[in-house]
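Q: Submitted below is the structure of interest, expressed as structure tokens.
Coordinate-derived values only; no laboratory data. All of these numbers come straight from a predicted model, not from anything done at the bench. Note that each Cβ is placed from the backbone with ideal geometry, even for glycine, and that neighbours are counted across all protein chains shown.
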Amino acid sequence: MNLQDHLPGYPEAELLAVGMQGAVFRLGAGKIAKVWFHAGTAELNQLAEFYATVDVPTIRTPEILEVHDRTPYCVTVEVELPGVPLYTAAPKLDAARDCVLDVLGELAAVTTRPALAVLDEKEPFRAPGQSWPEALAELTERRVDRYGGKLRPAIDDLDGKVGRLLAEVRALPDNTSGMIHGDVTAGNILVDADCRPTAIIDFGLMTMAGDPAYDAASAGTMYALWEPQIREIEAAFDRATVSRFGYEPERLRIYRAVHLLLIANAHDADPYDRDDAVGLAAALFN
């Protein structure tokens, strides 16, 4: 399928990136378009309202100008934000890590409390009065129930490991002190020529109110996702995170395991037919 067919009136649209949520095209005149793989118009209108209210202290966030309901994928037209993706400006992991930590600090200071659905779900992530640990545990249960058939052949004793993990999640403190982006990667951070962050993009995959340590844990994996030495890179990232923010290493371990279960099948029904992340989850759990 040619996703450019979803952009009538823009024959010169340039493909910029493909992520878990969709494909991004440059339209010109300071605008981009995003073709969304899962979200419908209701979710995108909610996301546009969220973008209008969220305030990250010193870096910019997306601005949705138009939402178009096209079959089978919805399209948003947005302001093109300044900067280039972090992975193009700082290919060395140590330099990228410092920038990611700066962005995590900015996100942890945000007071906006999003009430969005996550992944491809339709209902808000947390029911009224539901605690953060319970909402996270129930989301994990739903994903494992849905994709267990693909996960069990790859992960030894999946059910036993998930059961123990969920008990640890439910024992976590009910910390909703910050806003979680949910997809802090070197592709979703834009930087200037001096590798200073200018914008954070692609909210909405798992944007939710909760413990900022979740973003730190997932970012430690996501910014070096396909590196052969990922466990060693995560450990170095965790040491820097603990030093900067004071998060407990055990809490980071729990959140990282949850995150890899949640995204293991985020590429299912992807029109680009990319590999899923089951192997990444299995590498951690095994």
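Q: For E14 and N2 in one chain, what is 0.36 nm times their gap in residues minus the Cα-Cα distance, to one decimal in nm?
A: Details: separation 12, 0.36 × 12 = 4.32 nm, distance 1.25 nm.
Full extension from E14 to N2 adds 3.1 nm.
Q: Sorted by packing (mean other beta-carbon atoms within 10 Å per residue), highest first, where do 66-72, 38-44 land?
A: Per-residue Cβ counts within 10 Å, averaged per peptide and sorted highest first, yield 38-44, 66-72.
Q: In 10 Å bins starting at zero, report the fraction of Cα pairs in the range 3-79 per bin as a rounded %.
A: In whole percents, the pair-distance histogram is 19, 52, 26, 3.
Q: Tell me, what is the FRET efficiency for A269 and T41 to the nearest 0.05, using R0 = 25 angstrom and their Cβ-Cβ distance as r?
A: So, using R0 = 25 Å, E works out to roughly 0.90.
Q: With r defined as the distance between the Cβ atoms of R60 and E134 and R0 fixed at 30 Å, what FRET efficiency is calculated, to the nearest 0.05? Spell out each step's value before the answer.
A: Values: r = 34 Å, r/R0 = 1.12.
Once the sixth-power term is evaluated, E becomes 0.35.
Q: Along Cα→Cβ, 7 Å out, is where each label goes; now give me the distance between the ones at W226 and A95 in nm to one decimal.
A: Label at W226, label at A95, 2.1 nm between them.
Q: Which three numbers, in whole Å and largest first, are the semi-axes of the equivalent ellipsoid of the range 1-131 derived from its Cα gyration tensor as √(5λ)?
A: Values: eigenvalues 126, 103, 37 Å².
Working through the eigenvalues yields semi-axes of 25, 23, 14 Å.
Q: Quick one: check the C-alpha center-to-center distance for the range 34-69 versus the range 113-152, whole angstrom.
A: 21 Å
Q: Structure shown: which of K122/K150; K31/K150; K92/K150 lie over 31 Å apart, alpha-carbon to alpha-carbon?
A: Where the Cα-Cα span goes over 31 Å, the pairs concerned are K31/K150; K92/K150.
Q: Now for a different question. Can you work out ³J(HN,Hα) from phi for every residue in the range 190-202, in order, using Karplus 6.51 cos²θ - 1.76 cosθ + 1.60 and θ = phi - 60°, giving whole Hz and x for Gly and Pro?
A: 9, 9, 8, 5, 9, 6, 9, x, 10, 7, 10, 10, 6
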